[in-house]
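Data block below; observations after.
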Amino acid sequence: MSNIRKAFENGKAFIPFITCGDPDLETTAKVVRAAVANGADLIELGIPFSDPTAEGPVIQGANLRALSGGVTTDKIFDLVKGLRKDITVPMVFMTYANVVFSYGAERFIKTCSEIGIDGIILPDLPFEEKEEFLPLCNKLNVDLISLIAPTSENRISMIAKEAKGFIYVVSSLGVTGTRSEIKTDLKSIVDVIRTNTDVPCAIGFGISTPEQAQKMAELSDGAIVGSAIIKIIEKYGKDAPEHVGAYVKSMKDAI
């Protein structure tokens, strides 16, 4: 059974997204530990990329700050090794296909498996092209996480049937970022997922307030929050961990 399932065993899951190396890797480690201490069920770690096409300006900024600070994939692997000494909740990487390709797909996925990364999310990898990575992921026991968007329509059931770990439901069209309201008919998307798989699904993109998180968790198995957390880190820098912890607690309490 996928280790990611553990994140959904204690009620609704709260999943924070954190860009590795913003403002530095030491702060990233403290933010992850603060998030877990305050109830985060699964940690999504962003490996920075120079052209993050799914991201809005907030996470793009975090990517640029991390890259200009000298963050590399190998340094992020070392970060995870350190975290795994005391962090037991599931962790996944969110990055782009190019990052995996340039590192070497087999070497990248094998390292993920060795250091305790439970899954990878590649938002620019079309469902039809996942065979480039899927056999390696299956062989090395790393879940290749599927995304389902409002535009997936007649492909939802097909994607759901083959999903591993959990399904990332994209709440809105466009890029990541906080939104004042989410208008997508998410219930009908989740209903199609539920009839095709028992793999849990969590909703992300645009969630920033406890009220939004509560609504998304009522519809699905959990809520994913990125930009709102990155804004806290951008505001407080090295002092961010305690503020992120308080925010995570408010969101986990809400769901």
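The values are calculated or read from the model by the stated rules, or taken from the named source; none is laboratory data. For clarity, every value in this text was computed on a predicted model and none was experimentally measured. All Cβ positions, even for glycine, are placed from backbone atoms using ideal geometry, and neighbour counts span all protein chains on display.
Restricting to segment 116-174, and then to whatever is of a type in the set (D, E, K, R) and surrounded by 18 or more Cβ atoms within 10 Å (Cβ to Cβ), can you tell me which residue is farthest from the chain's Cα centre (by Cα)?
Of segment 116-174, the ones of a type in the set (D, E, K, R) are 118, 124, 128-132, 139, 143, 153, 155, 161-162, 164.
Now narrow it down to the ones that are surrounded by 18 or more Cβ atoms within 10 Å (Cβ to Cβ): 118, 143, 164.
Numbers: ASP118: 11, ASP143: 12, LYS164: 14 Å.
This residue is LYS164.
Table: residues versus (1) modelled with pLDDT under 95; (2) of a type in the set (S, T, N, Q); (3) under 14 Å from GLY165 (Cβ atoms).
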position	(1), (2), (3)
ALA97	yes, no, no
SER102	yes, yes, no
ILE120	no, no, yes
GLU128	yes, no, no
GLU131	yes, no, no
LEU144	no, no, yes
ILE148	yes, no, yes
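Residues in segment 101-127 that are under 16 Å from ASN63 (Cβ atoms) and touching a helix residue (DSSP H, G or I) at 6+ places or on another chain (Cβ under 6 Å): LEU122, ASP124. Inside segment 178-210, residues that are over 29 Å from PRO48 (Cα atoms) and either at pLDDT 90 or above or of a type in the set (Phe, Trp, Tyr) (or both) make up a count of 10.
Yes/no matrix, rows are residues, columns are (1) farther than 17 Å from VAL80 by Cα; (2) of a type in the set (A, V, I, L, M):
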| residue | (1), (2) |
| --- | --- |
| GLU9 | yes, no |
| LYS30 | no, no |
| ARG33 | no, no |
| ALA40 | no, yes |
| ILE43 | no, yes |
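Tally up the residues in segment 211-229 that are over 13 Å from the mean Cα position of the chain (by Cα) and either at pLDDT 95 or above or among the hydrophobic types (A, V, I, L, M, F, W, C) (or both), please.
7
Among the residues in segment 84-94, are any of a type in the set (Val, Ile, Thr), touching a strand residue (DSSP E or B) at 6+ places or on another chain (Cβ under 9 Å), closer than 24 Å to LYS235 by Cβ and surrounded by 15 or more Cβ atoms within 10 Å (Cβ to Cβ)?
As a first pass, look at segment 84-94 and keep what is of a type in the set (Val, Ile, Thr): 87-89, 92.
Filter again for touching a strand residue (DSSP E or B) at 6+ places or on another chain (Cβ under 9 Å), leaving 87, 89, 92.
Filter again for closer than 24 Å to LYS235 by Cβ, leaving none.
Checking segment 84-94: not a single residue is of a type in the set (Val, Ile, Thr), touching a strand residue (DSSP E or B) at 6+ places or on another chain (Cβ under 9 Å), closer than 24 Å to LYS235 by Cβ and surrounded by 15 or more Cβ atoms within 10 Å (Cβ to Cβ).
Looking at (1) surrounded by fewer than 17 Cβ atoms within 10 Å (Cβ to Cβ); (2) at pLDDT 95 or above; (3) not in a helix (DSSP H, G or I), which is the one condition that is false for LYS110? The single condition LYS110 does not satisfy is (3). Considering segment 37-55, the residues that are closer than 19 Å to ASP78 by Cα and among the β-branched types (Val, Ile, Thr) include one that is modelled with the lowest pLDDT, namely ILE47. Exactly one residue out of PHE14, PHE49 is closer than 20 Å to ILE233 by Cβ, among the aromatic types (Phe, Trp, Tyr) and free of Cβ contacts under 8 Å to residues at least 60 places away in the same chain, and it is PHE49. Considering segment 116-163 alone, what residues qualify as being more than 21 Å from ARG84 (Cβ to Cβ) and assigned to a loop (DSSP other than H, G, I, E, B)? Answer for segment 116-163, where residues must be more than 21 Å from ARG84 (Cβ to Cβ) and assigned to a loop (DSSP other than H, G, I, E, B): LEU122, PRO123, ASP124, LEU125, PRO126, PHE133, ALA149, PRO150, THR151, SER152, GLU162, ALA163.
Listed by first and then second residue, the pairs with beta-carbon distance under 8 Å, at least 6 apart or on different chains, first residue in segment 140-159 and at positive phi, second of a type in the set (Gly, Ala, Ser), are ASN141/SER113. Checking segment 12-30 against the condition returns a match, with at least one residue being under 22 Å from ALA202 (Cα atoms), at pLDDT 95 or above, in contact with a helix residue (DSSP H, G or I) (Cβ under 7 Å, 6 or more places away or on another chain) and of a type in the set (Gly, Ala, Ser).
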